[in-house]
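Please treat every number below as a calculation from the coordinates, not as lab data. Only a predicted model underlies this, so the values are computations on that prediction, with no experimental measurement involved. Cβ atoms come from the backbone with ideal geometry, glycine included; neighbour counts cover every protein chain shown.
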Amino acid sequence: MKNGVTEILELHSNSGRDSLIPILQKIQDHEGFLSESSVIEVGKKLDIPASKIYGVATFYNQFRFEPKGKYHVQVCRGTACHVLGSATVLEKIEKTLKVKAGQTTRDAMFSIEVVACIGACGLAPVIAVNGEFHAKVTEDSLGEIIENYRTKEA
Ligand code: FES
């Protein structure tokens, strides 16, 4: 039986190495992350060593190599959010959850992703948790937001 990755690669049957990024984007959209087996399959198809694919993919912080957590935290790093302190927000989230952007907590509860402008600049700095926006985030409010999601699970 074909998997989603095989089907995506079949759609790109005439593609060369220059299609690597669009192919990885499609696989991530489909699977939620880039698994080791996906990377190997892409490497075979495009004749690129898996190590090289990891090298390219890690350069772009849009790619993730672990499944998302139950609560997926997107931290906007667009210009308006940056000006209003999103770097500190990201730092605080990483510290609170003890994982870096692109990673998932060991209990699979939270994952962090850095995103470009999510279209709510008037609410900057903004984070979205499973698509739910949290506006004008501060170090203090952030702790509460994360704690509320943890409490939901308790
Ligand atoms: S820059 Fe963050 S929502 Fe636009």
Checking the cross-link filter: which lysines have an alpha carbon closer than 21 Å to that of K45, excluding same-chain neighbours under 8 positions apart?
K2, K26
How big is the C-alpha Rg of region 82-129 next to the rule-of-thumb value 2.2 N^0.38 Å, as a ratio?
1.18
At what distance in nm do the modelled label points of R150 and N130 sit from each other, each positioned 7 Å from its Cα along Cα→Cβ?
1.8 nm
Fraction of the pair-distance distribution of region 30-84 above 14 Å, Cα-Cα pairs, percent
63 percent
Sequence order, region 70-87: Karplus ³J(HN,Hα) from phi using 6.51 cos²θ - 1.76 cosθ + 1.60, θ = phi - 60°, Hz rounded, Gly and Pro as x, gives 4, 10, 9, 9, 9, 9, 6, 10, x, 4, 4, 5, 4, 4, 9, x, 5, 5
Rounded if a/c is under 1.5, else prolate if a/b is larger than b/c, else oblate: which is region 54-154, with a ≥ b ≥ c the root eigenvalues of its Cα gyration tensor?
oblate
Rounded to the nearest 0.05, what FRET efficiency is calculated for E91 and Y54 with R0 set to 25 Å and r the Cβ-Cβ distance?
0.50
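If contacts are Cα pairs under 8 angstrom and at least 6 residues apart, what is the relative contact order of the chain in percent? Present the calculation step by step, with values, prior to reporting the outcome.
On the way: 210 pairs, mean separation 30.5, N = 154.
20 percent.
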Mind checking which lysines have their Cα closer than 30 Å to the Cα of K92? Skip sequence neighbours fewer than 8 apart in that chain.
K68, K70, K100, K136, K152
Just from the alpha-carbon atoms, what are the Rg and Dmax of region 1-72 in angstroms?
11.7, 38
Using modelled backbone amide H atoms (1.01 Å from N, in-plane), which distant-in-sequence or interchain residues come within less than 5 Å of E66's amide H?
L34
Give me, ordered by chain and number, the residues 5 or more places off Y71 or on other chains with an amide H under 5 Å from its own placed amide H.
F110, S111
Residue by residue, what Karplus-based ³J(HN,Hα) values in Hz, rounded to whole numbers, does region 142-154 have, using 6.51, -1.76 and 1.60 with θ = phi - 60° and x for Gly and Pro?
4, x, 5, 4, 5, 4, 4, 5, 5, 4, 3, 7, 6
Any cysteine of the chain lacking a neighbouring Cys Cβ under 4.7 Å - listed by number:
C117, C121
Sorting Q103, Q28, F59 by the position of each Cα along the dipole of the chain (Lys, Arg +1; Asp, Glu -1; all at Cβ), the one nearest the positive end of that ordering is F59
Expected vector for region 36-45, Karplus 3J(HN,Hα) from phi with 6.51, -1.76, 1.60 and θ = phi - 60°, integer Hz, x for Gly and Pro, equals 4, 5, 5, 4, 5, 5, 5, x, 5, 5
